[in-house]
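As structure tokens, the structure follows; a few thoughts come after it.
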Amino acid sequence: MASEEEKKGIHSRIKGIAHRSFHSVRSSAVNLKSEIKKNVLTAVLAAFGFVIALVWRDAIRAGVDEMIRRSGIEGTGYIYQIISAVIVTVICVIGILFFSRIKGEEDVKDCDKK
């Protein structure tokens, strides 16, 4: 049979293990909450970006349709869709180059600050 001192030692070790386990679980829960929050915010921001992209798609498409109509090319056939796709592609590539250049300038400014 274990003496009182042995029982106190065992009790103390069990209490230490439980204490460390509690803090480990709590830390994991806090990290999980932080990761969930980060992922939800990323998804919401992506959704806003998607809505913006759809609105711009409609605006660009309406502009391209108007340009094609004014140029005298009318119809809804395959050729019309190809011409429309080429014009939209050119406009979007120009936009990508423009905004990439702006981002590149911002990246350089950030590097200079460091």
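Each residue in the range 83-97 was checked for being modelled with pLDDT of 85 or more, under 27 Å from R70 (Cα atoms) and either loosely packed, with under 11 Cβ neighbours inside 10 Å or not β-branched (V, I, T) (or both), and 5 pass.
The requirement of being loosely packed, with under 10 Cβ neighbours inside 10 Å and farther than 30 Å from C92 by Cα is not satisfied by S24.
The values are calculated or read from the model by the stated rules, or taken from the named source; none is laboratory data. These numbers come from a predicted model, not from an experiment. In this analysis, Cβ positions are derived from the backbone assuming ideal geometry, glycine residues included, and neighbour counts consider all displayed protein chains.
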